[in-house]
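**Q** Pasting a structure here, questions to come.
Every read-out reported here was derived from the displayed coordinates using simple, explicitly stated rules and does not represent laboratory data. All values reported here derive from a predicted model rather than from experimental measurement. Please note: Cβ atoms are built from the backbone with ideal geometry, for glycine as well, and neighbour counts cover all protein chains shown.
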Amino acid sequence: MTRTVVTGGAGFLGSHLCERLLADGHEVIALDNFVTGAPNNVEHLLEHDRFRLVKTDVTEYVHVPGPVDEVLHFASPASPIDYLLLPIETMKVGSIGTLHALGLAKEKGARFLLASTSEAYGDPQVHPQPETYWGHVNPVGPRGVYDEAKRFAEALTMAYRRTHDVDTAIVRIFNTHGPRMRPNDGRAIPAFASQALTGRPLTVAGDGSQTRSIIYVDDLITGILALLRSDLSGPVNIGNPHETSVLHLAETIRALTGSSSDIVFVERPVDDPTVRQPDITLARTQLGWEPTVGFEEGLSRTLGWFRAHPELVP
């Protein structure tokens, strides 16, 4: 039986990973300090005999007794509200946390997968973004704490691969949505969903012309596991190349909810990317992966989850 450690296992993406790994027959040890994750994200897994949830801070230490076959490092604040409120913690988990997770993989002879991000590309000057693009990031801007933490984590991962022969992989994750997103995490989709469902104005940053490419969580997890089970080191983009403007995203969510909310325009955040679209040629050709859930279908599923949990909507 494959024994897999997931750091950040009680987070949005981590909880979906744990769920899928259990379904695939793995034993799963989820590590989380619950700063942005929450035990209720994996509450439905706690009675599973192959699942264990451990409260720990990976920036302090990582110790897992017994054999470990895979280490998936997903611990990190990941939304602008989180990493702007927790800048030091974000930098520490991207640096010290990654060091400790890599150390665990080295000690156990495990395959290591780093959850990196499309934010490694910054406000890109190449469009769409292939893995060969080095990015356009402001290291001293407010978003730099997240962008540079992930870029450092990528460099450290490659250093362990080259120096210690650790079997590593890097996934660059693009904007993802689905069940168990926090409604108040500051990202566009939960914000628009919460606003539309409660009849409040939808707040679009700038003029809404900036673009995003959103992927439904089930597609993302399938792509991540395809990379994990391959011999690729990456980085590999896992995202949906369907590009849409933020304004169109707001309008679509408003229509899907049947809301009569107004759309209002607010100040655009510093260093907010102008465009975002993955080139997924590598994932298509080397992993045989591409997303299958359509734009409106994925949004409808996410909105259905928010509707089913009105107690969470602020």
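**Q** Between residue 233 and residue 200, 0.36 nm times their residue separation minus their Cα-Cα distance comes to what?
**A** 7.4 nm
**Q** Show the residues, 5+ positions off or on another chain, whose built amide H is closer than 5 Å to the amide H of residue 51.
**A** 28
**Q** Pop a pseudo-label 7 angstrom from the Cα along the beta-carbon direction at both residue 184 and residue 245 and give the gap in nm to one decimal.
**A** Those two pseudo-labels are separated by 3.1 nm.
**Q** With θ set to phi - 60°, apply the Karplus curve 6.51 cos²θ - 1.76 cosθ + 1.60 along the stretch 294-310 and write out the HN-Hα couplings as whole Hz, x wherever there is a Gly or Pro.
**A** The phi angles translate into x, 4, 6, 5, x, 4, 4, 5, 5, 5, x, 5, 4, 4, 6, 10, x Hz.
**Q** Here's something else I'd like to know. Using R₀ = 45 Å, calculate the FRET efficiency as 1/(1 + (r/R₀)^6) where r is the Cβ-Cβ separation of residue 107 and residue 305; round to 0.05.
**A** 0.75
**Q** Can you list the HN-Hα couplings for the stretch 132-149, worked out from phi with the Karplus curve (6.51, -1.76, 1.60; θ = phi - 60°), rounded to whole Hz and with x for Gly and Pro?
**A** Karplus-based 3J(HN,Hα) across the stretch 132-149 equals 6, 7, 8, x, 9, 10, 8, x, 9, x, x, 7, x, 5, 8, 4, 6, 4 Hz.
**Q** Test of understanding: what is the full-extension gain from residue 252 to residue 23, defined as 0.36 nm times their sequence separation minus their Cα-Cα distance?
**A** Working: separation 229, 0.36 × 229 = 82.44 nm, distance 3.28 nm.
Full extension of this stretch gives 79.2 nm more.
**Q** Still on this model: Which order results if 44, 100 are arranged by neighbouring Cβ count within 10 Å, fewest first? Present the calculation step by step, with values, prior to reporting the outcome.
**A** On the way: 44 11, 100 21.
Least to most surrounded, the residues fall as 44, 100.
**Q** On a 0 to 90° scale, report how tilted helix 217-228 is relative to the longest principal axis of the chain, with both axes built from alpha carbons and the result rounded to the nearest 10.
**A** On a 0 to 90 degree scale, this one is about 30.
**Q** If the viscosity is 0.692 mPa s and the temperature 37 °C, what translational diffusion coefficient in µm²/s does Stokes-Einstein give for the chain when Rh comes from Kirkwood over Cα pairs?
**A** This corresponds to a translational diffusion coefficient of 167 µm²/s.
**Q** Given Cα pairs under 8 Å that are at least 6 residues apart, what percent is the relative contact order of the chain?
**A** So the answer I get is 17 percent.
**Q** For the chain, set up a Gaussian network in which alpha carbons nearer than 10 Å are linked by springs, and say which option among 132, 222, 59 fluctuates the most.
**A** 132
**Q** Take the chain, connect every pair of alpha-carbon atoms lying under 10 Å apart with a spring to form a Gaussian network, then pick out the residue of 215, 253, 170 with the largest mean-square fluctuation.
**A** Highest fluctuation among the options: 253.
**Q** Name the long-range amide H neighbours of residue 236: under 5 Å, sequence gap of 5 or more, or other chain; modelled H, no Pro or chain starts.
**A** Distant-sequence amide H within range of residue 236: 170, 171, 172.
**Q** What residues of the stretch 167-195 lie in the reach of a label at residue 272, counting those whose backbone N is under 20 Å from a point 7 Å from the Cα along Cα→Cβ?
**A** Those under the cut-off are 174-177, 182-195.
**Q** Okay, next question. In a GNM of the chain with a 10 Å cut-off on Cα contacts, which of 103, 66, 94 has the highest mean-square fluctuation?
**A** Of the options given, 66 has the highest mean-square fluctuation.
**Q** Could you run the Karplus curve 6.51 cos²θ - 1.76 cosθ + 1.60 with θ = phi - 60° over the stretch 185-196 and give me ³J(HN,Hα) per residue in whole Hz, x for Gly and Pro?
**A** So the J values, rounded to whole Hz, are 7, x, 7, 4, 5, x, 5, 5, 4, 4, 5, 5.
**Q** Rounded to the nearest 0.05, what FRET efficiency do residue 286 and residue 260 give with R0 = 45 Å and r taken as the Cβ-Cβ distance? Could you check?
**A** E(calc), rounded to 0.05, equals 0.45.
**Q** How long, wide and thick is the stretch 170-278, going by the Cα atoms along their three principal axes, in whole angstroms, largest first?
**A** Its Cα atoms span 49, 27, 21 Å along the three principal axes.
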